[in-house]
1. Confirm whether Gly11 is open to solvent by 10 Å² or more (accessible area, probe 1.4 Å), of a type outside the set (Ser, Thr, Tyr) and farther than 30 Å from Thr295 by Cα.
2. Test each condition in (1) small (Gly, Ala, Ser); (2) open to solvent by 40 Å² or more (accessible area, probe 1.4 Å); (3) under 27 Å from the mean Cα position of the chain (by Cα) for Gly347 and report the one that comes out false.
3. Limited to region 330-349, what total is found for residues that are farther than 18 Å from Ala23 by Cα and β-branched (Val, Ile, Thr)?
4. Looking for whichever is assigned to a helix (DSSP H, G or I) and farther than 25 Å from Val152 by Cα here; the options are Arg394, Arg414. Which one fits?
5. Those residues that are assigned to a loop (DSSP other than H, G, I, E, B), open to solvent by less than 70 Å² (accessible area, probe 1.4 Å) and of a type in the set (Lys, Arg), I need them from region 469-527; list them, please.
6. Restricting attention to region 215-236, does a residue exist that is of a type in the set (Ser, Thr, Tyr), open to solvent by less than 10 Å² (accessible area, probe 1.4 Å) and part of a helix (DSSP H, G or I)?
7. Among the residues of region 421-453, write down those that are outside any loop (DSSP other than H, G, I, E, B) and closer than 13 Å to His467 by Cβ.
8. With respect to Leu243, is the statement that it is in contact with a strand residue (DSSP E or B) (Cβ under 9 Å, 6 or more places away or on another chain), surrounded by fewer than 22 Cβ atoms within 10 Å (Cβ to Cβ) and closer than 30 Å to Gly449 by Cα true?
Amino acid sequence: MTLTGHHFIAGREAAPHGHLFHAFNPTTGAQLEPAFGDATHAEADEAMQAADGAYDALRLATPETRATLLDTIAEEITALGDALLERAHAECALPMARLTGERGRAIGQLKLFAALIREGSWANACVDHALPDRQPLPKPDVRRVMLPIGPVVVFGASNFPFAIGVIGTDSVCALAAGCPVVVKGHPAHPGTCEMLARAVLSALHKVGLPAGCFSLVHGKCNDIGTTLTKHPLTQAVAFTGSLRGGRALMDVAAARPHPIPVYAEMGSVNPVFVLPGALKERASKIAEGYVGSVTMGVGQFCTNPAVVLGLKGEDLNQFISNAAALAGKVAPQTMLHRGICEAYDAGTAVWQTVKGLKLVGESETPSSETASQAACRIFTTTIDVLEANQELRREVFGPCSIITQCATLEDMLRYANSLDGQLTATLQGTEQDLRDFAPLIRVLERKVGRIIFNGFPTGIEVCPSMHHGGPYPAASHSFFTSIGTGSIYRFVRPVSYQGFPEEALPELLKDANPRGAMRIVDGVLTR
């Protein structure tokens, strides 16, 4: 496939103009062709107008048609073959094995949502039949189902070019629900975005749905994202990235004459509590898993365990020693782009100015010839230093973490109570630890979206029970997940029909229930 640098607006290719930019190979620093350009306000408007024009065709298409679209997108992505992996590798420096696995995850997500909408129970249909003879007043016939909200703007993430990008969960569940999508591609991997956009448009053509159901616009500056968020036809925004970027979009959306939701997943420090029984039984094994989690993907996961807490003592000292030694054996690795690497080095440099924070383990110094390489850095401190320095509570995106020594359970509880919202918290412990530290679990239930026992937060299973979100600032709304089938609820809303004749009702609300979906009928969950 020959890349063009074009925007794809409802099937129309628009050549780049105005401010141009290139992707760069993070490993070599080489500029990659072709040039891409910032979309104009007129192009953003054209994309949104086309999405709104395609809305009825997509939302009124049968679930089978939308499911076939998702299956066909999966086939088109597969057909791109190694060329897709090679371009993503050149733009992101992610290993080919990682990219192969992530492509599989993206294809699996497409098939998962196709199966979800074919079955139909996700729409939470409810039927309450009329009781005309009820006293003192008759009961009307009322039925409710979830319906798509309209055009959705998706901001692709830098760290998952497939699974949280052009055809990531945000786009997939929006299309599954019946919402047209306008994607603002990530400027660090625009060539990968173009290849995936072509796959989506080819699938739309094959299924016979309007090209306006999907558009891709590029942009390196913030202006195009702001324009799309402000556009009066945009009904929701999905974003994965920094707190600064997510909050900026939230503020723009809230200031509109008609505010809209921004579903932003913005990262966290993901604390790990290493409890005494677990430390005594398997300190070395926990250290191995911990360093592996910190360095997975060069620490470029929103679930990176940036803070560890344990009770002072010889067992924790052994854990620190083991983790430090393991960190020293980790080779420096190339980050997604130079800007992320510079921010990582600057963030850990600030940490090293904090009195009472000690660097105990570090990878060998990266080569000066590979400016985008990051060293793993493990620090240790005491709970009073951690609590006294706000800069230690902020996420530094990359392979670094702080092991914190606590004197008592009360120290852990106080820290947990002081946490902002988090995506995850982890407990390494025994069953007795869970009983002894039960108050800690109760606190974490109020603070995080996912609690892990005897595992690590990196690596997210894409399944119905997954919740990837949490209280602000981990996410903009703690009710919603950005991973798993529950993510579809961001792009639908409930609509009730009262007194409608059977033939005028949506399929899922008809008495015959032709698809056999689970529904609540007169208060009873049934098929």
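1. In short, yes.
2. Status for Gly347: all satisfied but (2).
3. Final tally of qualifying residues: 2.
4. Selected residue: Arg414, the only one of Arg394, Arg414 that is assigned to a helix (DSSP H, G or I) and farther than 25 Å from Val152 by Cα.
5. Of everything in region 469-527, those that are assigned to a loop (DSSP other than H, G, I, E, B), open to solvent by less than 70 Å² (accessible area, probe 1.4 Å) and of a type in the set (Lys, Arg) turn out to be Lys510, Arg515.
6. Yes, some residue in region 215-236 is of a type in the set (Ser, Thr, Tyr), open to solvent by less than 10 Å² (accessible area, probe 1.4 Å) and part of a helix (DSSP H, G or I).
7. Gln422, Leu423, Thr424, Ala425, Glu445, Val448, Gly449, Arg450, Ile451, Ile452
8. yes
The values are calculated or read from the model by the stated rules, or taken from the named source; none is laboratory data. As the structure is a prediction and not an experimental result, all values here were calculated from the model. FYI the Cβ positions are ideal-geometry reconstructions off the backbone, even for glycines, and counts take in every protein chain you see. Side chains are part of the model used for accessible areas, which takes the heavy atoms of the whole protein and leaves out ligands, DNA and RNA. Shrake-Rupley method; radii C 1.70, N 1.55, O 1.52, S 1.80 Å.
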